1. With both partners inside the chain, how many of the DSSP beta bridges are antiparallel, as a percent to the nearest 5?
2. Expressed as a whole percentage, what fraction of the accessible surface of region 238-365 belongs to carbon and sulfur atoms when a 1.4 Å probe is rolled over the protein heavy atoms?
3. Longest span of the chain, sites excluded, free of GluC sites (Glu not before Pro) in DSSP loop with at most 16 other C-beta atoms within 10 Å?
4. Using a Gaussian network model on the chain with a 10 Å cutoff between Cα atoms, which of Arg321, Arg246, Arg46 fluctuates the most?
5. Roll a 1.4 angstrom probe over the protein heavy atoms and tell me the percent of accessible area of region 134-226 that is carbon or sulfur.
6. What does the C-alpha gyration tensor say about the overall shape of the chain? Classify as rounded when a/c is under 1.5, otherwise prolate if a/b is larger than b/c, or oblate.
7. How much area per residue is accessible in the chain when the probe is 1.4 Å and only protein heavy atoms are counted (Å²)?
8. Chymotrypsin sites (Phe, Trp or Tyr not before Pro), restricted to region 170-258: which are DSSP loop and have at most 10 other Cβ atoms within 10 Å?
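The values are calculated or read from the model by the stated rules, or taken from the named source; none is laboratory data. The model shown is predicted, which means the values in this text are computed figures rather than measured ones. Heads up, the Cβs are rebuilt from the backbone with ideal geometry, glycines too, and the neighbour counts pull from every protein chain shown. Side chains included, ligands, DNA and RNA excluded: accessible areas come from the protein's heavy atoms. Shrake-Rupley method; radii C 1.70, N 1.55, O 1.52, S 1.80 Å.
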Amino acid sequence: MIPITTVRFGAEEERRVVEVIRSGSIAQGPVVAELEDRFARMHDARHAIAVNNGTTALIAALQVLDLRPGDEVITSPFTFVATINAILQTGATVRFADIHDTDFGLDATSVAGLISDRTRVIMPVHLYGQMVDMAPLAELATANDLVIVEDSAQSHGARYRGRAAGSFGLGTFSFYATKNITTAEGGMITTDDDALADRLRVLRNQGMRARYEYVTVGNNFRLTDLHAALAIPQLDRYDETVRLRRANAAALTAGLADVPGIRTPATFADRDHVWHQYTVRVTDESATTRDDFPAALAERGVGSGIYYPKLILDYDAYRGRPDVAEDSTPTAATVAAQALSLPVHTELSPEDLDTIIDAVRDVAAGR
Ligand SMILES: *Cc1c(COP(=O)(O)O)cnc(C)c1O
């Protein structure tokens with residue numbers, strides 16, 4: 001079976017982790033600081049603040065904006081639930097704008113229609129490793145005095161018109177086991193704002209600037225040196241990782257571009273895609289429905305994933321709440337019914353790519 005995702009560490013990760021174990025100091029320390037410094041430079045940010053996962057990165061980024069009940073955050077309904085859970089934790093209200101069916105990102109026209117004097121934040125989600133069309137969103141944010149918080153959990157190192165993910169306001173990243181860079185669990189926040197960076201560091205550490213000097217109500221959002229040690233060799237290799245993923249994506253698109261019922265992912269000249277996922281759309285022309293596709297591929301030895309099978313409002317837990325507006329997003333609904341992700345990771349061989357292409361062709365044709 002060709003898996004949809006793999007975790008593979010090398011000798012350098014082992015060496016760095018053992019070094020931390022032997023140092024006798026394993027919690028947040030110099031290795032976290034080294035990772036923050038490198039991650040900030042990689043994303044053209046003045047500051048990077050490491051935290052213990054991508055969800056707490058979102059929560060902390062929103063908490064330092066001092067959102068009040070009734071304040072609104074406009075985001076995508078086609079995302080991992082963490083985006084929404086983080087907003088609700090801060091007491092703000094979720095508004096859903098529709099998305100483009102090309103990059104699966106927030107549609108600025110739809111966002112503009114939701115902006116009111118209650119709006120505080122626009123939260124685009126850079127899905128699958130490709131950035132959202134940021135220029136019109138940045139324009140809206142400037143014109144309406146809104147903050148941009150980019151959920152970049154899937155898009156380490158992605159770029160839009162030369163600008164890195166997470167550099168348009170506050171950026172949040174995840175190092176969960178399936179992400180392009182992983183520490184098993186971990187996260188990062190990027191910002192150019194010195195004051196926000198300082199508040200994030202204090203918030204992360206129980207509200208302390210120095211030990212037992214509580215300057216605000218805080219939390220324990222700290223990452224450990226043990227985890228950070230895993231990430232550093234992956235940063236050294238990241239250009240090569242992206243190069244391999246990009247080559248795999250190009251091979252899949254070449255093999256699938258003419259298949260009736262399969263729409264290959266769009267790429268854009270002004271964006272650098274880091275291919276966290278390779279996501280096709282299974283349309284009505286396919287002989288096999290999207291929902292039946294994964295099992296049919298598995299029979300042919302090909303793993304796949306549906307990210308995400310439904311919109312947030314399709315779940316009862318999120319309906320009928322005063323803090324989740326029931327905005328209608330028809331394009332997102334279509335995309336959620338069609339999205340299917342195929343393996344694109346660095347461990348794929350040329351034979352694996354052929355196997356994936358042949359399997360998708362067969363299943364789409366009902367063979
Ligand atoms: C993975 C992910 C998160 C959450 O990150 P965790 O590290 O799992 O907490 C948030 N948003 C998106 C879009 C993600 O893919």
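1. Counting only bridges with both partners in the chain, antiparallel ones make up about 60 percent.
2. Answer for region 238-365 is 48 percent, counting heavy atoms of protein chains only.
3. 1-284
4. Result: Arg321 has the largest fluctuation of those listed.
5. Reported share for carbon and sulfur atoms: 48 percent.
6. oblate
7. Each residue of the chain exposes 42 Å² on average to a 1.4 Å probe.
8. Counting only loop positions with at most 10 other Cβ atoms within 10 Å, the chymotrypsin sites (Phe, Trp or Tyr not before Pro) in region 170-258 are Tyr212.
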